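Some notes on the structure that comes next.
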Amino acid sequence: MIEQPQVPAALQPQPGDAEAARLAVLRLLEQRPEMSQRELSEALGLSLGKAHYVLHSLLDKGLVKAGNFRRSDNKLAYAYVLTPSGLREKVRLTRAFLSRKEAEFEQLRQTIVSLRDELADTPQWKESA
């Protein structure tokens, strides 16, 4: 059996985040163009229908192209290759994703500082610390 690529939890798309889903599919297909839709869905934690929808939206936009190849078990399968515009879109989505995550990180950092300050001003915290 072929080993599935490991997708860190932080990079798995959250429900309703279409851009993150497109980026995740593009990243995986760049690594393993021979992945089936079922393998994509399992690796990303998406339903098979959602993986199909995302993959076909990338195909329709010309970001990915499909080609036939014969697998080792002699069955026909597809290889999904990123087009030049697909590579550019992957870079754009990666920059947007990184920017969004950095903003979330900064917000979380500020919340942590605020909560620590709040606890430091609480008498019970001072006694147990």
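The values are calculated or read from the model by the stated rules, or taken from the named source; none is laboratory data. Just so you know, these numbers come straight off a predicted model, no measurement behind them. Here the Cβ is made from the backbone with ideal geometry for all residues, glycine too, and neighbour counts use every protein chain on show. Please note that ligands, DNA and RNA were not included when accessible areas were found on the heavy atoms of the full protein model with its side chains. Shrake-Rupley method; radii C 1.70, N 1.55, O 1.52, S 1.80 Å.
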Exercise. Any residue in segment 62-82 that is open to solvent by less than 60 Å² (accessible area, probe 1.4 Å), under 15 Å from the mean Cα position of the chain (by Cα) and touching a residue at least 12 places away in the same chain (Cβ under 8 Å)?
Worked result: no
Seminar exercise, completed: Leu87: passes all of (1) crowded, with 17+ Cβ neighbours inside 10 Å; (2) assigned to a helix (DSSP H, G or I); (3) aliphatic (A, V, I, L, M) but (1)
Exercise. When Ser41 is evaluated against the numbered criteria (1) touching a Leu at 6+ places or on another chain (Cβ under 8 Å); (2) open to solvent by 70 Å² or more (accessible area, probe 1.4 Å); (3) of a type in the set (S, T, N, Q), which criterion, by number, is the only one it fails?
Worked result: (2)
